[in-house]
Amino acid sequence: MILSGRSNVKALTYTIGPALIFERLWKESGIQAVITSHSQERGFSFSVERALFLTVLHRLLVSGSDRFCERWRRDYRIGGSGDLQLHHLYRAMGWLGEPSARSTKDVIEESLFKRNRDLFSSLDLVFFDTTSLYFEGAGGESLGRLGHSKDHRPDLRQMVIGAVLDNRGRPISCEMWPGNTADIRTLVPVVDRLQKRFSIQSFCVVADRGMMSKETITLLEARELSYILGVRMRKVKDARLLVESHQDTSTYQEIYPERNTAKAPLPLKVKEMILDGTRYIICYNPKQARKDQTERQAIVASLKQAVENHPRSLIGNKGYRRYLKVDKESVKIDEEKITSEEIFDGKWVLQTNLKWPAQEIALKYKELWQVEHVFRDTKSLLETRPIFHQRDHTIRGHVFCSFLALVLRKELDHRLEKHGYEFEWAEIKQDLSALQETVLEENGKKVVIRSECQGVCSQVFQAVGVAIPPTIREW
């Protein structure tokens, strides 16, 4: 808020852009109606829907704790949030994450799925991936556990979060487990839950390399489920042998755009093989191969200099260590290892039980990168770590608020894409936040003056279908 220098005139300035856009998406996605309907059954003395919208909007725009959210909102015009206090936000998140046979979280996910069924009517392809989120504190009664840390913080307790997306990249479900849960153990239970909750008869699971295990594949096949799974080609013997024995990429099949095969091929080639009854597909991207080679050459160049000056300091560096030979007396560059790594440049290996053409399978797996993009977004949304939450259900509600923020982000992305716009999230946030209103009050009369739209702001309003407020209006 800004106070005018004139003693007889009050001037209060509020940020209005983000709330106007995401309030519309919050409503039209169905989230507002579902939360309002479900929370009314409990008879809360405050608006749970407003508390959750405030929390989700805060997650979208800034990093900081939920305690900071209460101060942050004072500079924003967010309808219906004026009387909310911090304990209201905590109670709302606690309600969102309450454990039960059919949790509030599940009800919201299923209601949104049912409401938007036309978007998911051909849910035959499901993407699934996980990440971890560490806690500054204990992490609740059961969620916070020590486990394999993807954040490279093995000293801190963590939880594991999974996201399920459809083939358009739209979030369907958010799954949560204690921090010591292995990725390969999460896939099959998620598949079973999805089939039961969303009445899906059949679909294909596309999962990353971390989900790969013989047990997982056996269970998927026992359920007659299709799958496209990445293989750890350096660690799985069959995959490594296939890559080593098919180094000549000129024998790989080129992939052309689907609609016009006269165009130049895509930067992706495939080679299909059957080994002991298992179907493998080697994928090769020449652009990625050049990138891998360049990065390795840069590492080796740095290594040669570092080995001469501070060899022992390299041992703890994971990026360097794989190219070193270390013994009791010396640290040397492993030339054989460098040469052996070249055959993996730009390649990945898939295992599948689908009968589709190899190029279609490769392209579908490539779409898994949508999930990776989502998790990069989620990581930034989850920088607001649940430091002050001490109960499992409040932590679950906290995480699910970030998932709802992700739903709104993806909804905005789709609307922008539909209008032919492609903007960076950072510029969207900055330009929306620059849209402000100043309320001038003098002698009981109020006039509202809107700031100028900057950057991509007007295009975002157009894509979402929200009218920009007048430049000047009476209150």
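Nothing in this text is a laboratory measurement; each read-out follows from the coordinates by a stated rule. Just so we're clear, the structure is a prediction, and the values are computed from it rather than from any experiment. Every residue, glycine as well, gets a Cβ built from its backbone with ideal geometry; the counts of neighbours run over all protein chains shown.
Tabulated data
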read-out: Extension gain (nm, one decimal) between residue 238 and residue 467, 0.36 nm per residue minus Cα-Cα; value: 76.6 nm
read-out: Theoretical FRET efficiency, 1/(1+(r/R0)^6), r = Cβ-Cβ of residue 336 and residue 218, R0 35 Å, to 0.05; value: 0.45
read-out: Approximate spin-label separation residue 247-residue 27, in nm, with each point projected 7 Å along Cα-to-Cβ; value: 6.4
read-out: Gained length - residue 302 relative to residue 10, 0.36 nm times residue gap less alpha-carbon distance; value: 99.0 nm
read-out: Estimated inter-spin distance, residue 419 and residue 254, nm [label 7 Å along Cα→Cβ]; value: 3.9
